[in-house]
Amino acid sequence: MNSLYKEIESIRGRFAADLESVSPGQESEILRHRYLGRKGALNALFKKMAALSVDEKKEAGAAINELKNELSLQLEEKNASSIRQVKNREKSDFTLPGYPFPMGTLHPITTAVSEILGIFSRLGFDVATGYEVETDWYNFGSLNFPENHPARDMQDTFYTESGHLLRTHTSPVQTRYMTSHQPPVRIVAPGRVFRNEAVSARSYCVFHQIEGLYVDKKVTFRDLKGTLDLFGRMYFGKSAKIRFRTSFFPFTEPSAEVDVSCFLCQGKGCRVCKQTGWLEILGCGMVDPNVFTSVGYNPESVTGYAFGMGIERMVMQKFGIHDIRLFYENDKAFLSQFY
Ligand code: DAH
């Protein structure tokens with residue numbers, strides 16, 4: 001009987017030491033097995049009771065049961081304290097800043113293109129696209145460029161080894177579209193264009209344009225003026241004015257360049273407009289009859305207007321950006337300023 005009590009004490013001691021050294025969870029479950037399991041230390045004690053008298057059995061049984069309750073309570077406490085620790089750690093400091101969840105922003109060029117396309121689609125224009133790698137015919141020939149035009153020079157145009165070229169403007173979308181569609185035609189065509197120019201703060205080897213084309217019976221220069229005037233006010237603001245200056249393009253006759261009154265100084269003259277009060281935004285004109293002929297339209301029965309605008313320049317003016325290269329450097333500090 002005495003030896004049984006000794007054993008109870010020694011188990012209590014061993015368990016306390018073991019419990020100290022295990023971590024909560026899996027390791028403490030191993031302890032539970034070792035002491036309280038079917039083949040554990042306590043069951044072994046119960047078995048030893050067989051040799052005792054009825055009274056002794058009662059007493060020893062109560063002592064072992066007490067030990068059993070004690071050990072399982074300690075095990076539970078061990079596991080519960082570890083859960084408390086984790087929970088406390090999670091709750092600890094509500095004043096910490098949240099985890100950052102970085103959201104991308106749209107590239108300012110993307111935003112401008114979709115705004116401009118939105119305006120023209122409300123005016124009834126469809127969106128058309130062409131190819132960045134073009135043939136000489138669509139980029140130049142079909143657009144009435146003479147054989148010896150300087151734009152055809154290697155200095156200005158990127159040619160591929162296969163004899164194709166990277167389009168230097170979005171105007172070939174006009175002739176591609178007309179070749180496969182009959183009038184009336186009313187499209188805008190956004191896209192990248194490429195020029196073999198020295199890279200500087202003002203010019204880059206790639207940039208974006210939006211081309212416009214409207215062909216129908218009796219389209220006049222007045223329609224062109226009205227449309228661009230409306231566009232100017234919709235994109236640059238209600239008080240924006242536009243003006244036309246005569247110009248020359250091989251594919252339009254007559255041709256014009258269009259300025260919009262400076263949105264910053266409202267035409268009074270400032271840094272952005274170089275004190276002129278005006279910003280140049282696009283080239284335009286009435287489609288040259290030779291262009292109609294080259295796509296198989298009859299220049300006697302249709303007329304049309306076309307325009308082409310450079311996006312980078314407009315965005316630079318709008319946001320006061322002084323270097324066109326910033327659009328192409330993927331600098332997050334620059335790009336995250338736009339949304
Ligand atoms: N393609 C011309 C350029 O890149 C811009 C342009 C001018 C387009 C007049 C047109 C236009 O459609 O009618 O400089």
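Brief remarks follow.
- Rounded to whole numbers, the Karplus 3J(HN,Hα) couplings from phi for region 200-205 are 8, 5, 9, 9, 10, 6 Hz, using 6.51 cos²θ - 1.76 cosθ + 1.60 with θ = phi - 60°, and x at Gly and Pro.
- The aspartates and glutamates whose alpha-carbon is closer than 17 Å to the alpha-carbon of Lys318, local same-chain residues fewer than 8 away aside, are Glu115, Asp259, Glu280.
- Candidates Gly141, Gly191, Gly98: whichever shows maximal mean-square fluctuation once the chain is modelled as a Gaussian network with Cα springs under 10 Å: Gly98
- Calculated [222 nm] ellipticity per residue, helices only, for the chain: -13000 deg cm²/dmol; basis is -39500 (n - 2.57) per DSSP H run with n ≥ 4, divided by all residues, nearest 500.
- Counted by neighbouring Cβ atoms within 10 Å, the residues His208, His107 run from fewest to most as His107, His208.
- Computed label-point distance, nm, for sites Arg233 and Met103 using a 7 Å Cα→Cβ extension: 3.4
- In terms of its alpha-carbon gyration tensor, region 2-89 comes out prolate; a/c meets the 1.5 threshold, and the first ratio a/b outweighs b/c.
- Among the cysteines of the chain, those whose beta-carbon sits 4.7 Å or more from every other cysteine beta-carbon are Cys205, Cys284.
- Principal semi-axes of the equivalent ellipsoid, √(5λ) from the alpha carbon gyration tensor of region 259-339, are 35, 19, 8 Å from largest down.
- Residue of Phe140, Phe94, Phe292 that the Gaussian network model of the chain assigns the largest fluctuation, springs spanning Cα pairs under 10 Å: Phe94
- ³J(HN,Hα), Karplus 6.51/-1.76/1.60, whole Hz, each residue of region 281-290, x for Gly, Pro: 10, 6, x, 7, x, 8, 4, 5, x, 4
- Estimated FRET transfer efficiency (Ala198, Ser301; beta-carbon r; R0 45 Å; 0.05): 0.50
- Most mobile of Asp288, Asp323, Asp18 in a GNM of the chain (Cα contacts under 10 Å): Asp18
- Computed over region 2-89: relative contact order in percent, which uses C-alpha pairs under 8 Å that are six or more apart: 33
- For the chain, a Kirkwood radius taken over Cα pairs fed into Stokes-Einstein (20 °C, viscosity 1.002 mPa s) yields D = 80 µm²/s.
- Residue exposure sequence - Cys262, Cys205 - by fewest surrounding Cβ within 10 Å: Cys205, Cys262
- When His181, His169 are sorted by how many other C-beta atoms sit within 10 angstrom of their C-beta, beginning with the fewest, the order is His181, His169.
- Among Leu73, Ala62, Gly37 the positive-end extreme of the charge dipole of region 2-89 (Cβ point charges): Gly37
- Under DSSP loop assignment and at most 11 Cβ neighbours within 10 Å, longest trypsin sites (Lys or Arg not before Pro)-free interval of the chain: 40-216
- Placing +1 on the Cβ of every Lys and Arg and -1 on the Cβ of every Asp and Glu, with nothing else charged, gives the chain a dipole about its Cα centre of roughly 1100 debye.
- For region 1-28, the residues whose backbone nitrogen is under 20 Å from a point 7 Å from the Cα of Glu70, taken along Cα to Cβ, are 1-22.
- Averaging 1/r over every pair of different alpha carbons in region 107-261 and inverting the result gives a Kirkwood radius of 16.9 Å.
- Cα-Cα over 19 Å, subset of Lys48/Lys68; Lys217/Lys241; Lys225/Lys268; Lys39/Lys78; Lys6/Lys58: Lys217/Lys241; Lys225/Lys268; Lys39/Lys78
Laboratory data are not the source of any read-out in this text; all were calculated from the coordinates shown. These figures come from a predicted structure and were not determined experimentally. Here the Cβ is made from the backbone with ideal geometry for all residues, glycine too, and neighbour counts use every protein chain on show.
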